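The structure under discussion appears below in the form of structure tokens.
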Amino acid sequence: MENMNQETILSVKDLNIKFTLRGRVLHAIRNVSLEVYKGESIAIVGESGSGKSVLTKSFMGLLDNNGFISSGEILYDGKDLTKFKKEREWQKIRGGQIAMIMQDPMTSLNPLKTIGEQIAEAVRLHQPAVRGGDAVREKVYAYLRDVGIRKPEKRYKQYPHEFSGGMRQRVVIAIALACNPRILICDEPTTALDVTIQAQIMKLLKDLKAKYDLTIIFITHDLGVVANIADRVAVMYAGDFVEIGTAEDVFYDPRHPYTWALLSSLPQLGKKGEELFTIKGTPPSLYKTIEGDAFAPRNPRALKIDFLAAPPRFDISETHMAKTWLLDPRAPKLEPPEGIRNLRKLEVLG
Amino acid sequence: MSAEREILLDVKDLHVTFGSGKKAFEAVRGVSFQVYRGETFGIVGESGSGKTTIGRAIMRIHPTSAGEILYKGNRINGKISRQLDRQVIQEIQMIFQDPMASLNERAKVDYIVSEGLINLHKKMSDEERRRRVQQALAEVGLLPEFASRFPHEFSGGQRQRIGIARALIMEPECIIADEPISALDVSIRAQVLNLLAALQKSRGITYIFIAHDLSVMRYFSDRIAVVYKGRIVELAETEELISHAAHPYTRALLSAIPMPNPVSEREKKLTVYDPSIHDYDRNPPRWQEFRPGHFVLANDREMEEGFGEVNDFDYLSS
Ligand SMILES: Nc1ncnc2c1ncn2[C@@H]1O[C@H](COP(=O)(O)OP(=O)(O)OP(=O)(O)O)[C@@H](O)[C@H]1O
Ligand SMILES: [Mg+2]
């Protein structure tokens, strides 16, 4: 997103989300702030358990029953979503404003209904202007064509099990589109797919974003896959964003040691015969209060202060921020690891 | 490739068919390759391409419908002697994709890891068995006390280590790793790959590494066979394959590798493989060596028109 006068479509302010489990409290989202700009695609990247799904589920009122927002705001369209109490309020947001695509398409499809009927339901519910059986049907064909499913007349009458994994994910995308959302959250939509199919779905999402004026929030644990789709990247660790910037900022000028570590462990950067970089240890327990920089215990080059105080947010530029003491003027100058210094020169294959 | 490399596994015109009559489906349609001792031989292809079936046919899990699989020169498919069967069970092991699904949830790690060993050495003392379990766990970086725990108490990466320990305890010469890291988080993938590489160094294990992702293959494999719909369409040493990919399917796989470089990724043109470009009905393909050690499945027209002339070859851009 190069343009400077960006309009915010969704704004998260100092959000805290907790879960209670057998009398203990897990602090899953720790004081998170994030602006999502209209028309952008932003990737949320982090290890398993870092809180990517919990955060985005909270935008749709889909937290598990034992989860709650303990403080903070989620501003959308002039409303604070954290104040919503009734299902009725959420129903106006879900699908029609914010839609979600999940990793396993089977969880969002009804195995007993034809896929055409499932898309038609979404059209009838969210697009009352489209009236009459024929009009709805034509609309469904159009969505099927849009997501790259050929022979829509025939496919309309088929059931989910008659589709391959990649095709099912296209159907799920068609259902999401039929809700006519402004924001599309994609939670690891390609993780279970072959690389070639993955690449095609990514391309499809980009095309649809342009055609339907969507804002995309793309969730993944793999920094490698987001270079292709993301305008901006937000790196999450232990329930907080440690670095946010444009894709160029984060790939070419990463500042947080955790971002360095995530980039370094990509097998695309591995040299045959040499060990791949690994991140030692495990993420901290979210049941305990985290002291200092949450990544410090796994960071071999951590500073003393990292163990004592949580780093504040440092702004590197108008588009780029990171929470690391390395950006404090008093900190020693540390270079990112050798292997990731020249990603700009890395060639694509094929 | 030096001439005196020892062939550990020789797969000759392998066919595997599922079902029979009208419903018969030929998952592997005439596949041939050789695996040298100590190397990592990669098999890459999309889901349903038959790569797992090839691995399982070598493991004798799936019966073959034609062709031969030779291990150290002895045929191991079809009916074989009990002695050879025991040898194969011990010397060729498999690691599976989903560490969650492949472990028996109700058994303790101790039992899971030693199950194969007990089956093979019914008379082994319990003391010896425990000793071997401890050794295998140590080798994959797990603590001895993990032996008395259940699989659900472990993370995905730890479960995959348990799966590797279970293979290692047999002291295998060859391990078939079927998508061993696909289900794992990026940071844990690197740990498991490093572990596999270290074991190869210390024990000289030969790997057949099955995956859909060429980027991991490139890092890990010495040679790569590209499988499409039950056939190998291209085979070469890794860097040769990457820099001189000939078959359009290989090129599609290459172009799908996501690279951590946003500017070039955004401009990249995605190559999609369209099998209808071939005119194989009139002019069937042959398996041909078009550069030393680099094989491709192509017909004569394709060879003439530059199947081998690569890099600027753009006959299937979408
Ligand atoms: N219902 C729940 N009860 C208790 N803890 C929960 C619940 N749901 C999520 N958590 C915890 O919240 C944290 C964040 O989980 P979340 O699912 O958002 O991670 P994620 O980043 O999406 O991971 P993944 O990549 O594995 O999907 C984790 O520690 C998780 O165990
Ligand atoms: Mg998740």
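Couple of notes before you dig in:
A quick yes/no check of all residues on (1) loosely packed, with under 12 Cβ neighbours inside 10 Å; (2) modelled with pLDDT of 85 or more; (3) in the same structural domain as B:Leu235 (by TED's automatic domain parsing); (4) in contact with an Asp or Glu (Cβ under 9 Å, 6 or more places away or on another chain):
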{"position": "B:Tyr280", "(1), (2), (3), (4)": "no, yes, yes, no"}
{"position": "B:Pro284", "(1), (2), (3), (4)": "yes, yes, yes, no"}
{"position": "B:Arg291", "(1), (2), (3), (4)": "no, yes, yes, yes"}
{"position": "B:His294", "(1), (2), (3), (4)": "no, yes, yes, yes"}
{"position": "B:Leu297", "(1), (2), (3), (4)": "no, yes, yes, yes"}
{"position": "B:Glu305", "(1), (2), (3), (4)": "no, no, yes, no"}
{"position": "B:Tyr315", "(1), (2), (3), (4)": "no, no, no, yes"}
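- Residue in region A:158-168 that is more than 16 Å from ligand 2 (Cβ to nearest atom), of a type in the set (D, E, K, R) and surrounded by fewer than 22 Cβ atoms within 10 Å (Cβ to Cβ) present: yes
- Selection count where residues are more than 9 Å from every other protein chain (Cβ to nearest Cβ), part of a helix (DSSP H, G or I) and of a type in the set (A, V, I, L, M, F, W, C), scope region A:236-258: 0
- You will find that of A:Glu335, A:Glu347, the residue that is within 14 Å of another protein chain (Cβ to nearest Cβ) and either part of a loop (DSSP other than H, G, I, E, B) or small (Gly, Ala, Ser) (or both) is A:Glu347 and no other.
- Residue match in region A:191-207 (condition: at pLDDT below 90, assigned by TED's automatic domain parsing to the domain that holds A:Ala43, out of contact with any Asp or Glu (no Cβ under 7 Å at 6 or more places or on another chain) and within 15 Å of ligand 1 (Cβ to nearest atom)): yes
- Here region A:304-332 is the region considered, the condition is being acidic (Asp, Glu) and more than 18 Å from A:Ala234 (Cα to Cα), and the residue that is nearest to the other protein chains (Cβ to nearest Cβ) is A:Asp306.
- B:Glu4, sole failed condition from (1) touching a strand residue (DSSP E or B) at 6+ places or on another chain (Cβ under 6 Å); (2) more than 14 Å from chain A (Cβ to nearest Cβ); (3) assigned to a loop (DSSP other than H, G, I, E, B): (1)
- Screening A:Val123 on (1) modelled with pLDDT under 90; (2) surrounded by 20 or more Cβ atoms within 10 Å (Cβ to Cβ) shows it passes everything except condition (1).
- Residue in region A:66-79 that is under 17 Å from A:Phe218 (Cα atoms) and either away from ligand 2 (no atom under 15 Å from the Cβ) or within 14 Å of chain B (Cβ to nearest Cβ) (or both) present: no
- Take the conditions (1) surrounded by 15 or more Cβ atoms within 10 Å (Cβ to Cβ); (2) modelled with pLDDT under 95; (3) of a type outside the set (Ser, Thr, Tyr); B:Lys23 misses just one of them, which is (1).
- Residue within region B:140-163 that is part of a loop (DSSP other than H, G, I, E, B), surrounded by fewer than 17 Cβ atoms within 10 Å (Cβ to Cβ), in contact (Cβ under 8 Å) with a residue 24 or more places away in the chain and within 14 Å of another protein chain (Cβ to nearest Cβ) present: yes
- Test result for A:Lys85, basic (Lys, Arg) and either within 16 Å of ligand 2 (Cβ to nearest atom) or in contact (Cβ under 8 Å) with a residue 60 or more places away in the chain (or both): no
- Within region B:20-52, considering residues that are in contact with a helix residue (DSSP H, G or I) (Cβ under 8 Å, 6 or more places away or on another chain) and among the polar types (S, T, N, Q), the one nearest to the other protein chains (Cβ to nearest Cβ): B:Ser47
- Residue satisfying all of: in region A:152-169; modelled with pLDDT of 95 or more and in a loop (DSSP other than H, G, I, E, B); nearest to the chain's Cα centre (by Cα) among these: A:Tyr159
- As for region A:50-62, it holds at least one residue that is in the same structural domain as A:Phe241 (by TED's automatic domain parsing) and touching a Pro at 6+ places or on another chain (Cβ under 8 Å).
- Filter result (in a helix (DSSP H, G or I) and among the β-branched types (Val, Ile, Thr)) within region A:110-131: A:Ile115, A:Ile119, A:Val123
- Criterion: away from ligand 1 (no atom under 16 Å from the Cβ) and either outside any helix (DSSP H, G or I) or modelled with pLDDT of 90 or more (or both) - qualifying residue of A:Val172, A:Val233: A:Val172
- Set B:Arg231, B:Arg189, B:Arg203: member being within 13 Å of another protein chain (Cβ to nearest Cβ) and basic (Lys, Arg): B:Arg189
- Residue among A:Val45, A:Val36 that alone is β-branched (Val, Ile, Thr), within 16 Å of ligand 2 (Cβ to nearest atom) and within 25 Å of A:Leu205 (Cα to Cα): A:Val45
- Taken as a whole, the condition of being in contact with a Leu (Cβ under 8 Å, 6 or more places away or on another chain), among the charged types (D, E, K, R) and away from ligand 2 (no atom under 16 Å from the Cβ) applies to A:Lys203.
- Close pairs (7 angstrom Cβ cut-off, 6 or more residues apart or separate chains): more than 6 Å from ligand 1 (Cβ to nearest atom) in region A:46-68, polar (S, T, N, Q) anywhere: A:Glu47/B:Ser187
- Filtered residues of region A:259-284 (kept if touching a residue at least 12 places away in the same chain (Cβ under 8 Å), more than 8 Å from chain B (Cβ to nearest Cβ) and either over 20 Å from B:Pro258 (Cβ atoms) or surrounded by fewer than 20 Cβ atoms within 10 Å (Cβ to Cβ) (or both)): A:Lys280, A:Gly281, A:Pro283, A:Pro284
- Qualifying positions in region A:15-41 - farther than 14 Å from A:Ile74 by Cα, more than 9 Å from ligand 1 (Cβ to nearest atom) and of a type in the set (A, V, I, L, M, F, W, C): A:Val25
- Condition check for A:Gly133: modelled with pLDDT under 95 and closer than 22 Å to A:Met202 by Cα: no
The values are calculated or read from the model by the stated rules, or taken from the named source; none is laboratory data. Treat the numbers as computed from the prediction; the structure is a model and nothing was measured. Neighbour counts run over all protein chains shown; Cβ positions are idealised from the backbone, glycine included.
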